[in-house]
Each structure stands twice: as structure tokens, then as C-alpha cells.
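Worksheet: one structure, shown below.
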Amino acid sequence: APQFAVVDVVKTAEYYRDSLGFKILGFFSTPPVFAMVERDGVEMHFGKADNEDAITNSIKRKVGYDAYIWTSDIDALFEEFQIKKVNVIEGPVKRPYGNREIVIKDCNDFKIAFGD
């Protein structure tokens, strides 16, 4: 499962639930310092960053994604994300390597690709 350090664990888990269709599996500690979410067999984990200066990989990276998630119906997922006003930054697009993908930026600016 991808694990990301985030400033606000609760806000991130709730975003993944409300915008991306994940189920919150649980929060750990009080106040929460770790959360787990799941959708279609894919889990993602969020740990509290040590400070307010958490930096996403996408800020440093010119190519690639912070996470890549396989899906069975990219068109249905794209429609769902459009309805929920998810920040889709690319796609759906067919890649030279044969995958169809959409790329989003989440509430922490992580670049997440979904492909089929």
C-alpha cells in the first residue's frame, strides 16, 4: 500500500472517501496520526507529517506519479470524478505503452494515476 506523509490525516482520509470513493478503514491514535483507506482492493495509508512543511514527490518529480492504481473501467471512474469535481489534470488518455489513464492531484498535491 502506498504510504504518504500528510499534514492533516483526517482531512486526507475524508477527501479520499468523499471525492475518490475510498472507504475509511480506520484512524489510529487520538488525535489521529495514521489512517488507512481502501477502494476495490487498493489500500492507501496516511501518516502525520512531522511538520507543516510536508513536500509531495510531485513537486520534485518532472515525470511519473506518486502512486499508480489499476482500475477496470477508466471511463466510469472519470465520470465519477467529474461529478465529484476531482482535480483531474490529465485524461482520459491512451498512452504509447497501451494503458488508458487519468491523472489527478489530490488534496495534498500528490499526483495519482488511474489506469486500465
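The values are calculated or read from the model by the stated rules, or taken from the named source; none is laboratory data. Model, not experiment: these values are computed from the prediction. Cβ: placed from backbone, ideal geometry, glycine included. Neighbour counts: every protein chain shown. Note: accessible area is taken over every heavy atom of the protein model, side chains too, but ligands, DNA and RNA are not part of it. Shrake-Rupley method; radii C 1.70, N 1.55, O 1.52, S 1.80 Å.
Normalised per residue, the accessible area of the chain is 57 Å², obtained with a 1.4 Å probe and no contribution from ligands, DNA or RNA. For region 26-40, putting each phi into the Karplus relation 6.51 cos²θ - 1.76 cosθ + 1.60 with θ = phi - 60° gives couplings of x, 10, 10, 6, 9, x, x, 10, 7, 9, 10, 10, 8, 8, 6 Hz, in residue order, rounded to whole numbers and with x for Gly and Pro. Free of any trypsin sites (Lys or Arg not before Pro) that DSSP assigns to a loop and that have at most 12 other C-beta atoms within 10 Å, the longest stretch within the chain is 1-60. Between Val42 and Arg95, residue separation times 0.36 nm minus the direct Cα-Cα distance comes to 16.8 nm. Between Asn87 and Phe34, the FRET efficiency estimated from the beta carbon spacing at R0 = 41 angstrom works out to 0.95. Taking the C-alpha atoms only, the angle from helix 74-83 to the longest principal axis of the chain is near 60 degrees.
Quick one: if you stick a label point 7 Å off each Cα along the C-beta vector at Asn51 and Asp116, how many nm between them? In this crude label model, Asn51 to Asp116 measures out at 4.4 nm.
Taking Cα atoms only, the orientation of helix 9-18 departs from the longest principal axis of the chain by about 30 degrees. Its convex hull of Cα atoms gives the chain a direction-averaged projected area, equal to a quarter of the hull surface, of 7.2 nm².
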